[in-house]
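Peer 1: Once you've had a glance at the structure underneath, I'll fire off some questions.
The values are calculated or read from the model by the stated rules, or taken from the named source; none is laboratory data. Worth saying up front: this structure is predicted, and the values here are computed from it rather than measured. Note: ideal-geometry Cβ built from the backbone for every residue, glycine included; neighbour counts use all protein chains shown. Please note that ligands, DNA and RNA were not included when accessible areas were found on the heavy atoms of the full protein model with its side chains. Shrake-Rupley method; radii C 1.70, N 1.55, O 1.52, S 1.80 Å.
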Amino acid sequence: MSELAERLESVRSAVGDAARQAGRDAADITTIVVTKFHPASVVRQLVELGVEDIGENRHQDAAPKAAELEGWDIRWHFVGQLQRKKARQVRAYASVIHSIDRESLVDALTAGDSGNAGVSGGGLSGDDRLECFIQVNLTDDPGRGGVAPAGLDPLVDRVLGTTGLELLGLMAVAPLGEEPRGAFSRLRTLSDRVRASEPTADKLSIGMSGDFREAILEGATHLRIGTAITGIRPERG
Ligand SMILES: *Cc1c(COP(=O)(O)O)cnc(C)c1O
């Protein structure tokens with residue numbers, strides 16, 4: 001077995017163990033393998049090992065990989081900070097965007113879609129809705145990605161009112177220097193509030209290499225795991 005296959009297997013079994021411990025069905029948890037900095041060949045090996053969900057955090061790295069692997073059965077998840085001017089380009093290959101954190105991004109992602117006030121043309125059908133998460137900033141540092149909890153409600157309403165987007169739920173990164181479970185629990189409380197207005201927006205994109213067990217205990221439905229599966233990331237070239 002390759003080292004990649006071994007690490008993937010060991011994460012899969014750890015996810016299964018944590019799910020059992022939480023009294024949850026592992027089938028309800030999607031593991032996204034984050035391949036940032038790694039070449040398309042690594043993505044190809046992962047797909048050959050049965051991975052269907054791949055995560056990337058920068059458009060300029062993701063776009064060429066998605067192009068090289070066109071025709072492969074891959075769901076691309078965009079998990080990084082998204083620039084407004086890149087939004088439509090990311091939409092061209094991404095199945096899910098995890099990092100909606102401001103209203104201007106909603107506008108940029110859906111510009112040209114039908115059904116949005118003040119915008120004509122497009123003709124987007126219901127099937128073309130882009131799945132997305134709203135990213136919440138769980139730190140006190142406004143420079144971090146994500147909307148502050150205080151700004152969450154209006155952003156939720158904005159996304160729910162946009163025909164081109166389907167809100168899956170909330171995403172967050174656990175703050176450094178804090179026990180991750182407490183932070184994930186705060187996100188879960190916010191998620192309960194979102195679910196009260198939209199019952200289907202009940203997913204949680206939380207959990208990375210160092211904290212996916214805690215995330216599973218707090219209800220994670222989408223794990224974003226990089227190094228625990230891919231090994232140490234190469235230097236950004
Ligand atoms: C890189 C990255 C991950 C994966 O991080 P690891 O610690 O390598 O598992 C998850 N989420 C986001 C947003 C990332 O940028």
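Peer 1: Roughly how many Å is it from the Cα centre of the stretch 1-77 to that of the stretch 202-237, as a whole number?
Peer 2: Using only Cα atoms to place each centre, the spacing works out to 10 Å.
Peer 1: Rounded, prolate or oblate: which fits the stretch 142-192, taking a ≥ b ≥ c as square roots of the Cα gyration tensor eigenvalues, rounded meaning a/c under 1.5, else prolate when a/b beats b/c?
Peer 2: Prolate is the answer for the stretch 142-192, as a/c is 1.5 or above and a/b outweighs b/c.
Peer 1: Counting only protein chains, not ligands or nucleic acids, how are T35, T227 ordered by accessible area (probe 1.4 Å), most first?
Peer 2: The residues order as T227, T35, largest area first.
Peer 1: What is the sum of charges, Lys and Arg at +1 and Asp and Glu at -1, for the other residues whose Cβ falls under 15 Å from the Cβ of G71?
Peer 2: Within the 15 Å Cβ shell, the charges total -2.
Peer 1: How do M208, M171, M1 stack up against each other in accessible area, from largest to smallest, with a 1.4 angstrom probe?
Peer 2: M1, M208, M171
Peer 1: For R129 and L160, compute 0.36 nm times the residue count separating them, minus their Cα-Cα distance, and round to one decimal in nm.
Peer 2: Length gained, R129 through L160: 10.0 nm.
Peer 1: Given an 8 Å cut-off on Cα distances and at least 6 residues of separation, report the relative contact order of the chain as a percent.
Peer 2: The normalised contact order for the chain reaches 21 percent.
Peer 1: Also, quick follow-up: Identify which of A150, A14, A63 has the largest mean-square fluctuation in a Gaussian network model of the chain, with springs joining Cα atoms closer than 10 Å.
Peer 2: Highest fluctuation of the listed residues: A150.
Peer 1: Classify the stretch 18-89 from the C-alpha gyration tensor, please: rounded if a/c falls under 1.5, else prolate or oblate depending on whether a/b exceeds b/c.
Peer 2: oblate
Peer 1: Separate question: A67 versus R24, label points 7 Å from Cα toward the beta carbon: distance in nm?
Peer 2: In this crude label model, A67 to R24 measures out at 3.7 nm.
Peer 1: Next up: Using θ = phi - 60° and the Karplus form 6.51 cos²θ - 1.76 cosθ + 1.60, what ³J(HN,Hα) does each residue of the stretch 88-101 get, whole Hz, x for Gly and Pro?
Peer 2: Per residue, the Karplus-derived 3J(HN,Hα) values read 5, 5, 5, 4, 5, 10, 7, 8, 9, 10, 9, 10, 6, 9 Hz.
Peer 1: Place a label point 7 angstrom from the Cα of A40 along the Cα-to-Cβ direction, then list the residues of the stretch 76-108 whose backbone nitrogen is under 20 Å away.
Peer 2: What the label zone holds, given the 20 Å backbone N cut-off, is 76-79, 89-96.
Peer 1: Please give the net charge around R24, taking every other residue with its beta carbon less than 13 angstrom from that of R24, where Lys and Arg add +1 and Asp and Glu add -1.
Peer 2: For residues surrounding R24, the net value is -2.
Peer 1: If you take the square roots of the eigenvalues of the alpha-carbon gyration tensor of the chain and sort them as a ≥ b ≥ c, do you get rounded (a/c under 1.5), prolate (a/b over b/c) or oblate?
Peer 2: Because a/c hits 1.5 or more and a/b fails to exceed b/c, the chain counts as oblate.
Peer 1: Another one. By average Cβ neighbour count within 10 Å, what is the ranking of 3-11, 197-205 from highest down?
Peer 2: Top to bottom by mean Cβ count within 10 Å: 197-205, 3-11.
Peer 1: Given the options F78, F37, F184, state which has the largest fluctuation in a GNM of the chain using a 10 Å cut-off (strictly under) for Cα springs.
Peer 2: Highest fluctuation of the listed residues: F37.
Peer 1: If R0 is 25 Å, what FRET efficiency do you get for E198 and E103 from their C-beta distance, rounded to 0.05?
Peer 2: 0.90
Peer 1: Counting pairs of alpha carbon atoms under 8 Å apart in space and at least six apart in sequence, what relative contact order in percent does the stretch 136-237 give?
Peer 2: In percent, rounded to a whole number, it is 21.
Peer 1: I need to check one value: relative contact order of the stretch 1-69, counting alpha carbon pairs closer than 8 Å and at least 6 residues apart, in percent.
Peer 2: This gives 30 percent for the stretch 1-69.
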